[in-house]
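Rule-based calculations on the coordinates, nothing more; no lab input. Note that this is a predicted model, so its numbers are computed, not measured. Note that we place each Cβ from the backbone using ideal geometry, even for glycine, and neighbour counts take in every protein chain shown.
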Ligand SMILES: Nc1ncnc2c1ncn2[C@@H]1O[C@H](COP(=O)(O)OP(=O)(O)OP(=O)(O)O)[C@@H](O)[C@H]1O
Ligand SMILES: [Zn+2]
């Protein structure tokens, strides 16, 4: 099966065909920089990071990924005012906190990350086009607001399959001067009490862009009038994405061809949210949990399935990561190759050699990560068995299996040898080599003492190593060691 993605617009699994052969344009709605992110906030970035990696590594597409920053909006103005800070300082601080959190979780940077405030001209161009085509109007009350005229666009509601008459009034703007309560703001006129720095000159009066408009304008600028994939959290389907699509299409642009939405992180069944008091900040959690474990946790579920966070969640994720790491360490021990060399060899494998058929089939089936992980753990299990059996595993076969495993983990963003997790550098490897040689010396001396029935010496060596944190396990194939 070729790559199929579940398109939320048609509610169907559709074969993925890019507009232009070999290239994919993808836009995902980034965060509003109103605070530092909790683990729910970053789920979208992890989910679409896996898609991006699979498109690139699994299918060889040249992906242009645009993820915007909403650096101005009502919530930012309110929270900055409450904190007594300029909105732009507040916004920038939270943007950096978000970037740090995403980097911590191994999310690859997008091709470009445009800010809403850096694209006022592009947004105003779109407003003008909509006004000229009769799909938008400036409020007649002099407020400076410009609204999208939902009744002028018969297709309004098509993304989320809603009829106009069933829709609630749009919440994102004052009702001043609206023709229809469901009309939404494209441009928000400056209000008394708002900082002067939060408005820009426009033909309709000073103001700032509406949230929906920025994504349409920036997607157009960097991906063109039509592009392949638009993604975001499931709550963005309405009104945000419905409005993005309506205003872009009404302006004559084809816009997104596939819509993908990821599900929530919940706690006791409720969405994790700051205002709900159940949020876990990424940087708080990573004080006690390794980022790699958190990354595994957030990426392990199918992107369209809810992740219910509970007390045991991260313990299970840790066990899963350690199972993988344990095998990688064992296999490397046997192969005696530096992490960097193995990484390089794995990344140099052509895609058809790098990925087992069932792994490929799993990810091609709407990014079925749980099934892909089943292949990963199957590989680990079989690999451990082969190592247990000792003979019968040629080094070539072992090496190939390890390289495949690393390639699969690379796609999932959880490759323990990736230097971004803070381990696996060449220096670490050299240190480990020296350590391994020294420990092996002591183990040989212990084996010698045992052979001579000098158990006191053998035990003393073992005890000394244990005190140093070296755990020894006697196996039929001889003593094995690991660091506690
Ligand atoms: N629990 C969650 N699971 C998955 N995605 C989430 C979650 N919470 C927020 N998001 C994503 O982050 C975006 C910004 O979220 P929002 O501003 O609602 O954050 P919040 O922390 O829930 O805010 P609030 O403080 O208003 O509760 C959302 O549009 C959504 O796509
Ligand atoms: Zn958006």
Subject >> Ratio of the Cα radius of gyration of the chain to 2.2 N^0.38 Å, where N counts its residues >> reply: 1.18
Subject >> On Cα atoms only, tilt of 313-335 relative to the major axis of the chain in degrees >> reply: 50 degrees
**OP:** Take peptides 253-259, 301-307, 457-463 and line them up by average Cβ neighbours within 10 Å, highest first, as a rough protection proxy.
**Re:** 253-259, 301-307, 457-463
**OP:** Would you mind checking the tilt of helix 395-412 against the longest principal axis of the Cα atoms of the chain, expressed as 0 to 90 degrees and rounded to 10?
**Re:** 20 degrees
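Under 4 °C and 1.567 mPa s, how fast does the range 61-158 diffuse according to Stokes-Einstein, given a Kirkwood radius computed over C-alpha pairs? Answer in µm²/s, whole number.
Values: Rh = 16.6 Å.
Using the Kirkwood radius from Cα pairs, D works out to 78 µm²/s.
What's the extension gain from residue 132 to residue 471 if we count 0.36 nm per residue and subtract their Cα-Cα distance?
Values: separation 339, 0.36 × 339 = 122.04 nm, distance 7.46 nm.
Gain on extension, residue 132 to residue 471, equals 114.6 nm.
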Original post:
When DSSP assigns beta bridges and you keep just the ones with both residues in the chain, what percent turn out antiparallel, to the nearest 5?
Top reply: 50 percent
Original post:
Going by alpha carbons, how many degrees (0 to 90, nearest 10) lie between the helix axis of 211-223 and the longest principal axis of the chain?
Top reply: 70 degrees
Original post:
Hey, can you rank 230-237, 211-218 by average C-beta count inside 10 Å, highest first?
Top reply: 211-218, 230-237
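Beta carbons within 10 angstrom, averaged per residue: use that to sort the peptides 407-417, 8-18, highest first.
Numbers: 407-417: 23.3, 8-18: 14.8.
Ranked from most to least packed, the peptides come out as 407-417, 8-18.
Where does the chain land at 222 nm, in deg cm²/dmol rounded to the nearest 500, when only DSSP H runs of n ≥ 4 count, each adding -39500 (n - 2.57), divided by all residues? Mind dumping the intermediate values first?
Working: 16 runs with 212 residues, N = 484.
Calculated mean residue ellipticity at 222 nm is -14000 deg cm²/dmol.
With both partners inside the range 4-291, how many of the DSSP beta bridges are antiparallel, as a percent to the nearest 5?
Numbers: 18 of 37 bridges.
Counting only bridges with both partners in the range 4-291, antiparallel ones make up about 50 percent.
What per residue convex hull volume, in Å³, comes out for the range 275-352 when only alpha-carbon positions are used? Working shown, then result.
Values: hull volume 12.0 nm³, N = 78.
Given the Cα convex hull of the range 275-352, per-residue volume reads 154 Å³.
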**OP:** Please give the contour-minus-distance gain from residue 108 to residue 308: 0.36 nm per residue of separation, less the Cα-Cα distance, rounded to one decimal in nm.
**Re:** 69.5 nm
